[in-house]
């Protein structure tokens, strides 16, 4: 069989299988791929995943078809003899084609990923204290965070602080008096500005269905954005090893209607008022005292000489 | 004072020509230096260091709930390693030099006892490494079985949360330590001189040092368990590292010790390859495995110092109250992440490149074809090594630092798939219209291409920042790197063992048992790790002892497959024992009809490898030409042509 026949056969098998796999991937699996479509961020992350999957499946199938074909057709039936002729020569055209295709595919993937990252405001990943891909209204939300009674109205971005500590997440709502709760309730159709920090070691706030993941670092405000699009509950897990009970550091949250959110926030603010008074004033980050991971150096509960941020601990217990 | 004796030394030809002063420590017998004295040295050293630590820092606050003083533990570990090296004889030469004495001549001890000594023979060191890395692999594998046992059920727990996280941490660290040396140590040390036509490695003492430091690292990392273990996983992130108890010393010092061995091995390998090539062994004739080991050596030499420094900083934080990683005192936990991954990502390629080199050697032999696009393959390995220094922050996409750098690191990470693709070009091109023999080494080589493809393609998903939000820190990434390291490197290593052990031991491994080993390992590897992609996509983070109830079916499937995967390693171990001791079959000098220079020597390989330094005449992959030029002029044996065809 000549070279053309082999290539034609392999190409035919590859094209048929690739089209079938891509169709299956896009239409059957695609809509169910994580993280779902609960937020704009999740939607884009899912779209990104599916597009990469469409590119990856033909690559996988191509190599597997080729290997399968080689193993089936070119196995030595008897004692092997040297392979000569064209098959033994380094085909420069094939080499150039391979390198060109992989280069174009790679640059294309990087360009597409960058576009998606920028368009989707950081794609739900933690951008650190100085985010560069903020959605509209995010800056105002961060300013409003220091106006304890500004509340929230539909159309506004909502600042939420996520505090990781061994081994739970708690949430502060700065525009509602800065109350702290273990419930994460969010309004639908709203831009959410997560400000993620930690009181001890590094955690990672992973709101699975929201398409949000941001490391919670002590003394760092890691900002991540999302825009809620669907009502329902979502899972929160810690995805950075944070010690013995890392596996148990999970809870769930809910996206509710704007009115239900306002009602819940106002009620919780009132119910928690006594506790809130014991909390340190809202700040982007907090320093742990003797109870914290690196505690013991300043057991009197004062902040270190290097920082003017607020202190959580025996004098200012977390709720 | 060194007690010496006059001892005749035989040349490789067998004629006694001279006498050398031989230290009593080198003479065979119970009072010489060997593994036993090393163990005694380590125990005495640890006790001495521990006592000293308590003596000089008795007022130092003990680590909470541990009853341990970290100064004492740290000094115990340091003195223990020093005692180990002193006991094995690694320090004889430098101490003699330091004190102005003439170092005693090392003797190439014959017989079994040489494997328990500080041997400077590269073939002995290679075989010592084989046993060493397999010991690492099997203990790490047992820990993996424990992890999969715990994950059988989300609510019924076989271990406490504390024990489980220590097992996870120990497993990851041990396996990573093992994987950095699994090819460079055993196959690199044994084969590189033979493949490039040299009689030895450039620095035989450094070579021996690298092995005995490697074994010291094994003991140090396992010493973490009796010290209370460490909860940080293999990544050792601060501040959890700072918070952890004295077991953390075992991790930090263990990586520093292993790092010394890696640097020594890499430096020695690079110098050997560059300077000890035989005449005629031009860069265009260097075997592809040697190219891969050169690239790996560059990474070992240049990236590992960062790991060493990071470990020492951590030790200083825990003992001398420095604050490299302590935010409150002006340090930064990000410093650890950056240092660790600046080493850690090149390390990924330290664990990939040698595997590519092995399959590059195996394919032409079992396809009877030249290696396709040899120069592109070599360039790919160098390209991967270079680019690997510019990708480390893709581990930190969600960490909160440098958002503006993410597009750059996404680009560099994806760019690395171009030179990695060269390896596939080499492999697929070599298979084209080949005459494939499905011997065990070839099966493992083909399996690498199957497995690593999955690992590589899923790596593109991880490199993409938006998708990374979902897959970072979960079982998806866990499965990805097992596909690259275990599915790539470990399969290649196994293929390499089946391929080269006949040369290294003079015994053929049993093919039938080997087939059982291959198929069980290949099938159950994929059945273990492929479901983990789905588990990760469905939201299960890494290193957890509990998970959502709806994921139990997939986790159980993965666990049962993992147990059977573990069983495949027992088949391998049985094959080793059966083929080497129970029913040994003598291996021909060149059982695979290879043109490789290493196969042109007799079995067993003579002490000095070659009667005289060979003159290399052609590249080792000219299988297409029955009348191809000789591979090398080996002197007395005459020109060595390609092995005759059956």
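Bear in mind that the values in this text are calculations on the coordinates, not laboratory data. No experiment lies behind these values; they were computed from the predicted model shown. All Cβ positions, glycine included, derive from the backbone under ideal geometry; neighbour counts span all protein chains shown.
Peptides B:88-100, B:422-434 ranked from most to least packed by the mean count of surrounding Cβ atoms within 10 Å: B:422-434, B:88-100. Stretched out straight at 0.36 nm per residue, the stretch from residue A:146 to residue A:23 would grow longer than its current Cα-Cα span by 39.3 nm.
The angle between the Cα long axis of helix A:92-119 and the main principal axis of chain A comes to about 20°, on a 0 to 90 degree scale. Comparing mean-square fluctuations of A:226, A:12, A:41 from a GNM of chain A with C-alpha springs under 10 Å, the top value falls on A:12.
Within a 10 angstrom radius of the beta carbon, how do B:534, B:167, B:571 rank from fewest other beta carbons to most? Don't jump to the answer; show the numbers that get you there.
On the way: B:534 16, B:167 22, B:571 19.
Least crowded to most crowded, the residues run B:534, B:571, B:167.
Relative to the dominant Cα principal axis of chain A, helix A:3-23 is inclined by about 30°.
GNM remark for chain A: springs join alpha carbons under 10 Å apart, and the peak mean-square fluctuation among A:75, A:252, A:239 falls on A:75.
For a footprinting-style exposure proxy, rank B:593, B:162 by other Cβ within 10 Å, fewest first.
Least crowded to most crowded, the residues run B:162, B:593.
Put in order of Cβ neighbour count within 10 Å, fewest first, the listed residues B:405, B:201, B:442 become B:405, B:442, B:201. Once the convex hull of all Cα atoms in the range B:112-582 is built, its volume per residue stands at 142 Å³.
Computed over chain B, the per-residue total of -39500 (n - 2.57) for DSSP H runs of n ≥ 4 gives a 222 nm mean residue ellipticity of -19500 deg cm²/dmol, rounded to 500. As a calculated quantity, the FRET efficiency between residue B:534 and residue B:408 at R0 = 45 Å, using C-beta atoms, amounts to about 0.90.
Shielding value for B:368-381 is 3, the average number of Cβ atoms from other chains within 10 Å of each residue's Cβ.
The mean count of C-beta atoms from other chains within 10 Å of the C-beta of residues in B:234-241, rounded to a whole number, is 5. Highest GNM mean-square fluctuation among A:18, A:100, A:204, for chain A modelled with Cα contacts below 10 Å: A:100. The overall shape of the protein assembly as shown, judged from the alpha-carbon gyration tensor, is oblate: a/c is not under 1.5, and a/b is no greater than b/c.
Between the C-alpha center of the range B:483-499 and that of the range B:320-393 there is a gap of 17 Å. Here is the P(r) of the range B:33-105: all C-alpha pair distances, binned every 5 Å from 0, give 4, 18, 18, 17, 15, 12, 8, 5, 2, 1, 0 in whole percents.
Note on the range B:38-98 and the range A:223-255: Cα centroid distance 45 Å, given to the nearest whole angstrom.
For the peptide A:247-260, the mean number of other protein chain Cβ atoms found within 10 angstrom of a residue's Cβ is 2.
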